[in-house]
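No lab work stands behind these numbers, since they all come straight from the coordinates. Small disclaimer: the values here were computed from a predicted structure and weren't measured. Cβ: placed from backbone, ideal geometry, glycine included. Neighbour counts: every protein chain shown.
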Amino acid sequence: MTSETLLLLAMAVPFAGAVGIGLTGRWPNVREGVTLVSAGVVMIMVFALFGRFQDGERFAVTLMEPLPGLPILFEIEALGMLFALVAGILWLVTSLYAIGYMRGHHEQHQTRFYVMFAVSIGSTLAIAFAGNLFTLFLGYEILTVSTYPLVAHAGTAEARRGARTYLGILLGTSIGFQLLAILITYALSGTLDFRDGGILAGQVDPLWAGLLYALYVFGIGKAALMPFHRWLPAAMVAPTPVSALLHAVAVVKAGVFTVLKVTIYVFGADFLKDTGVTDWLVWFAGGTILLASLIAMTKDNLKARLAYSTVSQLSYIILGAMLLNPAGLTGSALHIVMHAFAKITLFFGAGAILVAAHKTKVSELNGLGRAMPITFATFMIASLSIIGLPPLGGAWSKWFLAMGTVDAGRWALLGILMLSSLLNIAYLLPVPVRAFFGKAENDAAYTRVREAPASCLVAMIVTALACVILFFYPEPFYQLATSAAGAQ
Amino acid sequence: MIESHLSLLLVVMPLLAAPVVAILPAGRGPWLVTLVISWLCLALAGWQLWMVVNTGTISYALGGWEPPWGIEYRIDALNAFVALIVAAIAAISLPYALHSVEREIPAQRVPLFYSAFLLCLLGLLGIVQTGDVFNLFVFLEISSLSSYALISMGRERRALTAAFQYLIMGTIGATFLLIGIGLIYAETGTLNMLDLNARLPAVLEHRTVHTAFAFIVVGVALKLALFPLHLWLPNAYTYAPTVVSLFLAATATKVAVYVMVRMVYTVFSNSFSQATPLDEVFLLLGMAGVLVASFYAIYQQDAKRLLAYSSVGQIAYMALGIGFGSALGLTATLVHLFNHALMKGALFMAVGAMIYRVGSSRVNDLQGLGRQMPWTFTAFFIAGLSLIGLPGTAGFISKWYLVLAAIEQQAWIFAIVILAGSLLAVVYMWKLVEILFFKGPDEHRQDVKEAPLALLAPTWVLALANLYFGFDTRLTVDMAQTAVQMLGTTGR
């Protein structure tokens, strides 16, 4: 198979899978089989692409050209490869988890759920492999629309309200700001290609370029930079597998991925430095890190707490990008990976607790650890990874982000990163600690509570193990991250 | 033989068929004849476009009288493009019409309905084909009179008042147009568009010509429902039979936009209109129209009326495109002309399917229908995305060019208004999507079935066209650009 075909097929398989899922909806076992097979095939294909990428192959495919000079173009590049690997691996794991969860929780409309899930993954891969900003925006909006039914899944008034916020903010920012920014970019430079060193340098006055960059950063609502972060907590009404894969990995990472792409390949780090815009914009990222952490501490609902934690962690990546030095960019790229594996484990844990013990609040978890030891053990490991302690993968990304602030001489930002780590401890560790060491109310022992379904447990163990393995063998991702960071 | 009379046949065929259809016995006969005629028209319109692209402008002298004395049909890229839109929408509406009309119109009136439909089609095609301003007025009256009749055949008695309202407003518009045409005839002694274009520059300074221009612009603006002259439109579209709503929404206002472009750029000229406050007026009214009409759409309780207000908003986009007075802006207008026909056609068809099954078009009655009629409303959803202008749909292409045109002139406020209009479209579309797909069905309507294939197939043809023209813009953008180039040269 030629590399080009492989690239197109990797994106086409989820969409084909979606059709297959829709057709086999009447037979749940066959339907889930289709999901798992598609996810498995995608993972193998992404690995194969990665293998060829490592051998030094570079390839691009133009699918069609809807507007003159603006083709739908896909190409393989380090940052996109990294993102695709994360999405490809985690789709299979999450599918496994979702089957256990959706059945254990007796959810309705499961066919629609799996169809839209597959479409979301397909568009995520399209974002990862997008060769120009136009293609990326296409994938970005398909992702917005296809995740809407997943958020509104329950169909209750609360779910509809949450989904309305979700769609309103994501479409509002993407059409109101991002599309405008894209159009201005196109009007200025006549192209939307991703190029090393950017396409805007020399085309526009640095001051205006700075404002344009701000338009992008806030317009990419999926990156959840405050004050456009409200959609993420609102999306928590979705079933847990959605929160886990889409709202901790695919959707939000698509946001920060877009920010990184725009920073590196549209503006170029050198040009952005000239504009000076990141000097003040970075405080929005810093502010989001701290504020979101503080809000997370006040949330008793476990998923809401995790959602704000995600908002905070996303801004690490934005902050790293705005440092505009190799260490910062490496840290940002690595954090996409490290945070993905850790946060998905946390959400898996939250879902498992819901299915097995029907608990949603942190304050209700006392003493539950003895009944669900595996769940809380994996939760513990993932929490430590988010905090950034060795020997867990999260340590690497924090390390490089911190290095980046040092290299840039931004000591205040270093302080924010360190302070945030402490806040992470304060809002994440109480969960496993309460579960293992707390006493249940009235000393009631959870004798009737068992662990979540086996497929959920397998998924959690896999992702938690991945957090550990990523500390010892970060090489493949590290290489991709450094190569992306060095590209500018 | 056919080739040399192609342009005339497009008009004559429906003209000859209309009286025949009127005297046919009630039943499926009238429908069948109309269907055949409209498909023939589509074939001819396609052929005509192909000829224009390959061999250049067609000039056809009616009855052998040489222009400028006789009536000339002059077909260039712009006419051929708009004629194709009209013929294509008619051809797609008719398979849909069979069941929809049987349900909504008493059997004994069906032959008259199809007869009026053919007359309307003939009028619209005639407006597009002719190169003579008075002839254009005649065709405009034919299409208007037949559409008053068509609207008055709606299910509710309120259709009568709606038709009457449209009649009054439409007549005022037509009168203004006629006054304008009379004035320029008095000044130049000719009615042929090209001839006018050659003779008007000599008298451009005359106040009569300026007056004529004002009368013509206002008259046509009434017909194209430019905000705030749109008051007839919501009622007309709401109470008309579904087929009429969708046909008029997709074609009649588009043809009026064509007339505007033709009058401004060919009869008068770009340089003349630049000297008048036309651009500013269009920009201002366009901006107000996009915002106000879209805002009104949000609060409508009837799906057809909601779509009608949305149409007013979409027409305002086209006015903005003209108002930019640039090649890019005019391209955007022409591209949107085509794309809006696709999206509004599909949307009205889906609502028509709802009326067919449920007997109502009220928003509240949409509850849960998305699950009961999944095919109908998936098509509705796709067309809705196109209306919003999400990438991958035809609507995105229109928005892309419109905003680019605004940015080109550094008209930031208009760029923002256009995008804000998209967001308002999100609000009113999502209001429907939520009710359709995420609310349980009404207790009394547990057993609503999917619409019949005859309604579904045309809806899906248009819905898929919305996606197709989002990716392949060779027909839309290339034709629009050719037409704009041509207008630019004759305008000078």
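A few notes on this one:
- Where only alpha carbons of the stretch B:175-250 are counted, the Rg and the Dmax (Å): 16.4, 48
- Residue separation of A:ASN29 and A:LEU294 scaled by 0.36 nm, minus their Cα-Cα distance, works out to 91.0 nm of gained length.
- 0 to 90° range, to nearest 10: angle between helix B:133-152 axis and chain B longest Cα axis: 20 degrees
- Counted charge near A:PHE257, where neighbours are those whose Cβ lies closer than 12 Å (Asp, Glu -1; Lys, Arg +1): +2
- Its Kirkwood hydrodynamic radius, worked out from the mean inverse distance over all distinct Cα pairs, puts the protein assembly as shown at 29.9 Å.
- For the stretch A:276-488, the residue among A:ILE461, A:PHE376, A:ALA440 whose Cα projects farthest onto the positive side of the dipole built from Cβ charges is A:ALA440.
- Debye, to nearest 20: dipole size of chain B, +1 on Lys, Arg Cβ, -1 on Asp, Glu Cβ: 920 debye
- For the protein assembly as shown, size of Cβ-based charge dipole, Lys and Arg +1, Asp and Glu -1, in debye: 2620 debye
- Distance violations [Cα-Cα > 22 Å] among A:LYS253/A:LYS361; B:LYS223/B:LYS344; A:LYS343/B:LYS439; A:LYS361/A:LYS439; B:LYS304/B:LYS439: A:LYS253/A:LYS361; A:LYS343/B:LYS439
- Efficiency of FRET from Cβ geometry, B:THR211 and B:TRP65, R₀ 35 Å, rounded to 0.05: 0.70
- Here the label points at B:PHE164 and B:ALA26, each 7 Å from Cα along the C-beta direction, are separated by 2.5 nm in the simple model.
- Each distinct pair of alpha carbons in the stretch B:277-492 adds a 1/r term; the inverse of their mean, the Kirkwood radius, is 17.6 Å.
- Cβ-Cβ distance of A:ARG52 and A:LEU465, R₀ of 35 Å, FRET efficiency by 1/(1 + (r/R0)^6): the value works out to about 0.85.
- Kirkwood Rh and Cα Rg combined as Rg/Rh, the stretch A:276-488: 1.02
- Over the protein assembly as shown, DSSP H runs of length four or greater, each weighted -39,500 (n - 2.57), average out per residue to a 222 nm ellipticity of -24500 deg cm²/dmol.
- Here B:SER146, B:SER59 are placed in order of increasing Cβ neighbour count within 10 Å, fewest first, which gives B:SER59, B:SER146.
- Set of aspartates and glutamates with alpha-carbon distance to B:LYS449 below 16 Å, sequence-local pairs under 8 removed: B:ASP365
- Averaged over residues, the count of other Cβ atoms within 10 Å places the peptides A:1-7, B:357-363, A:93-99 in the sequence A:93-99, B:357-363, A:1-7, highest first.
- Anisotropy class of the stretch A:378-481 from Cα gyration tensor, a/c 1.5 cut: oblate
- Options B:THR476, A:PHE137, B:ALA240, ranked by Cα towards positive dipole end of the protein assembly as shown, top entry (Cβ charges): B:ALA240
- Relative contact order of the stretch B:277-492, defined on C-alpha pairs under 8 angstrom at six or more residues apart (%): 28 percent
- Tilt relative to chain A, helix A:133-151 - C-alpha long axis, 0 to 90 degrees, to 10: 20 degrees
- Average beta carbon contacts from partner chains per residue of A:146-153, 10 Å cutoff: 2
- Annotation for the stretch A:280-350 versus the stretch B:97-161: alpha-carbon center distance of 61 Å.
- Cα centroid of the stretch B:431-492 to Cα centroid of the stretch B:209-256, whole Å: 21 Å
- Chain B: angle of helix B:278-298 to the longest principal axis, Cα-based, in degrees nearest 10: 10 degrees
- Annotation: the residues A:MET322, A:MET297, sorted from fewest to most other C-beta atoms within 10 Å of their own C-beta, follow the order A:MET297, A:MET322.
- Given R0 = 22 Å, the distance between the Cβ atoms of B:LEU284 and B:GLU408 translates into a calculated FRET efficiency of 0.70.
- Per-residue Cβ neighbour rank within 10 angstrom, fewest leading, B:LYS254, A:LYS253: B:LYS254, A:LYS253
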